[in-house]
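*Asks:* The structure is given below, and queries will be raised subsequently.
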Amino acid sequence: MVSVALPLFVVTMASQNLPGVAAQRASGYDIPISPVVGATGLTSLVLAPFGGYALNLAAITAAICMGKEAHPDPSRRYTASAAAGLLYIALGLAGGTIVSLMAAFPQALVLAVAGLALLGTMASGLAVAVKDEQHREAALLTFLVTLSGVTVAGVGSAFWGVVVGGLAQWVWTRRQTASH
């Protein structure tokens, strides 16, 4: 719980929803943020015991479904989301076969393909995280500690990244407040 679930929940709620909100705004949807983020958080809480612990607004498929490419009429773009949902259900039902297929490939190949697939997402996430000068150092420390893979007291690096980043931000905020 502490090593994996808590950091994933915090990271998802704190950083993954921001790109989702930006994608919604860029596509012309001006919806209230708090109820949507609250609903995704509550849904994640309910679905976490079943493996659905990272429900968020930043899904690449959702961003694609909100764009003009999905449908010229914004009120009809929901059809792309429905089609993507059906595809996700089909992939879920074929999960065992997909996992067996992935297991047949060399591990290095699977890791390389996954890394390449996530490269854009990681780069844009890091760019957003270090964009604000006030939070840049804390964001970088969070990223580096998480990336390090360090385990302390049986708790993984994702948790320690959030802790170190949070402490760094707290220290820098107090230091700035004291100097003003």
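The values are calculated or read from the model by the stated rules, or taken from the named source; none is laboratory data. Given the structure is predicted, the values throughout are model-derived calculations rather than measurements. With ideal geometry, Cβ positions are generated from the backbone for all residues, glycine too; neighbour counts draw on all protein chains shown.
*Asks:* Can you say whether A108 is surrounded by fewer than 10 Cβ atoms within 10 Å (Cβ to Cβ), under 23 Å from L8 (Cα atoms) and not polar (S, T, N, Q), as far as the supplied structure shows?
*Replies:* Working: surrounded by fewer than 10 Cβ atoms within 10 Å (Cβ to Cβ): yes; under 23 Å from L8 (Cα atoms): no; not polar (S, T, N, Q): yes.
When the stated conditions are applied, A108 does not pass them.
*Asks:* In the range 121-180, what residues are under 20 Å from A5 (Cα atoms), within 15 Å of the chain's Cα centre (by Cα) and among the polar types (S, T, N, Q)?
*Replies:* Selection gives T142, T146.
*Asks:* Continuing with this model, one more query. Among the helices (runs of 4 or more DSSP H) contained in the range 6-68, which hold 2 or more residues that are under 17 Å from T142 (Cβ atoms)?
*Replies:* Details: elements: 17-26, 33-47, 60-66.
Those helices (runs of 4 or more DSSP H) span 17-26.
*Asks:* Still on this structure, please answer the following. Is at least one residue of the range 45-57 β-branched (V, I, T) and either on the phi > 0 side of the Ramachandran plot or at pLDDT below 90 (or both)?
*Replies:* Just the residues of the range 45-57 that are β-branched (V, I, T), to begin with: 46.
This time we only want the ones that are either on the phi > 0 side of the Ramachandran plot or at pLDDT below 90 (or both), so: 46.
Yes; the residues of the range 45-57 include at least one that is β-branched (V, I, T) and either on the phi > 0 side of the Ramachandran plot or at pLDDT below 90 (or both).
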